[in-house]
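FYI, it's all coordinate maths here, none of it is from the lab. Just so we're clear, the structure is a prediction, and the values are computed from it rather than from any experiment. Cβ sites come from the backbone with ideal geometry, for glycine too, and all protein chains shown count toward neighbours.
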Amino acid sequence: MKLLVLGAAGQIGHELCRRVWPADYRIAGVDRAEVDITRQEAVADALRQERPDIVINAAAYTAVDRAESEPDVAWAVNAAGPGHLAVRPPVFRWSTSRPITCSTAAKKRPIARMIR
C-alpha cells in the first residue's frame, strides 16, 4: 500500500510521515517545493509518478493574519488545491481510494469570507 502525503513539511504532514504505519505501507511525503498543489498539472504529475493507493492532503496556507491581504494565495492553496484532488484527475482514476484533506482549521474570521 502506498500513501502520498502532500504538505509533508507542514505540521500535520510531518506528523503523518513520521508515524509508524503497518509494515506493508510505503510513505511518499512531498512538500510545496516538490508539488505545488495550486497547479493541477503538478498534482497530476505527482499522482502519475507516485501512483499512490491513498492520498492525504495536508498542504495548507496557514498564515491566518496574512490571508486577508493575500486572499488569492490563501484561496488557491486551501480551496482550489484540494479541488484538484476532489475532481479525481484522470491520472488518479485507476485507484479506488478517495483523497483525504486534513486541516488544523484555525480561523479568526468566518469561513464565509473565503467563499467566492
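I need every pair where a residue in segment 45-73 that is within 24 Å of Gly29 (Cβ to Cβ) and touching a residue at least 12 places away in the same chain (Cβ under 8 Å) has its Cβ under 7 Å from the Cβ of a residue that is polar (S, T, N, Q) and assigned to a helix (DSSP H, G or I), sequence separation at least 6 or different chains.
Here the result reads Ala60/Asn78; Tyr61/Asn78, each pair linking segment 45-73 to a residue that is polar (S, T, N, Q) and assigned to a helix (DSSP H, G or I).
Quickly run through segment 59-86 and pick out the residues that are of a type outside the set (A, V, I, L, M, F, W, C) and under 11 Å from the mean Cα position of the chain (by Cα).
Selection gives Tyr61, Asn78, Gly81, Pro82, Gly83, His84.
Counting just the residues of segment 76-87 that are of a type in the set (A, V, I, L, M) and assigned to a helix (DSSP H, G or I), which one comes out farthest from Glu41 (Cα to Cα)?
Applying the filter and picking the extreme gives Ala79.
If only one of Arg51, Arg32, Arg39 is more than 14 Å from Pro82 (Cβ to Cβ) and either hydroxyl-bearing (Ser, Thr, Tyr) or under 12 Å from the mean Cα position of the chain (by Cα) (or both), which one is it?
After applying the criteria, what remains is Arg32.
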